[in-house]
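Values in this text are rule-based calculations from the coordinates and carry no lab data. Just so you know, these numbers come straight off a predicted model, no measurement behind them. Cβ: placed from backbone, ideal geometry, glycine included. Neighbour counts: every protein chain shown.
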Amino acid sequence: FSIMYKSCKIAINGGFSLKNDFYVDLVASGKDLVLKEVNELVPKISKSLDKVNFEGKVNITAKANGFWTRTRYPFIYGEFDVKGGKSELLQDRSIASVNLVGTFSNGRGDVDKAFVRFDSFIVNTNFGDFQGKFTLTNFNRPLVSLSSNFNLFLGKLNDAYRVDSTKVLDGAVIGSVTANGIVRFDSLTFLKLVRLVNNGRFKLSEVSVPFA
């Protein structure tokens, strides 16, 4: 059978049994789903993520297998790829394009073992480009693992966040960073994100900062 939500159509194949406990063995797939509509169905971890609203398309395949009772949950595992852009995650239209491939699982109903993994991502923003891997596990105490190469364009970053409207910043910051740590999404700040960094390489390229 099929499930429709607005223009999104997900095909469901498989079966279920009510002989003893409720048992499912299903595979779901959707192609060229509208990312903005899919985003409406994803529960937000906190209000700070309410503006995650990409435009674009997503392909997804997921399977559920096992018993579903008050104490047992079926094993859910899925794969997805996304091509999107124009998000208000950081600032209006700050993210120009996103390409990522990943997997997810419910950890058989155990949120400590559940995960969302971006096996590869390429993010182009109005102020820089990022490429790498990202994993979010343990939804009770979210554990983040990040590995990324990046280019930050100082002039565009200054324009996007009005760091200093009286001066002109030119040049780029080129580098790579890895980060591992527990994050509280309801109180995430830049300084807390910096504290996650345990290894990084940075290089300034052709930077000029005029001083009065």
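For Leu41 and Ser120, calculate 0.36 nm times their separation in residues minus their Cα-Cα distance, and state this gained length in nm to one decimal.
Length difference between fully extended and current span is 26.1 nm.
Considering only C-alpha atoms, what is the centroid distance from the range 103-153 to the range 1-31, in Å?
27 Å
Can you order the peptides 4-16, 59-71 by their average number of other Cβ atoms within 10 Å per residue, highest first?
Going by the mean number of other Cβ atoms within 10 Å, highest first, we get 59-71, 4-16.
If the limit is 26 Å between Cα atoms, which of Lys31/Lys86; Lys6/Lys113; Lys86/Lys113; Lys6/Lys156 go over it?
Checking Cα-Cα distances, Lys6/Lys113; Lys86/Lys113; Lys6/Lys156 exceed 26 Å.
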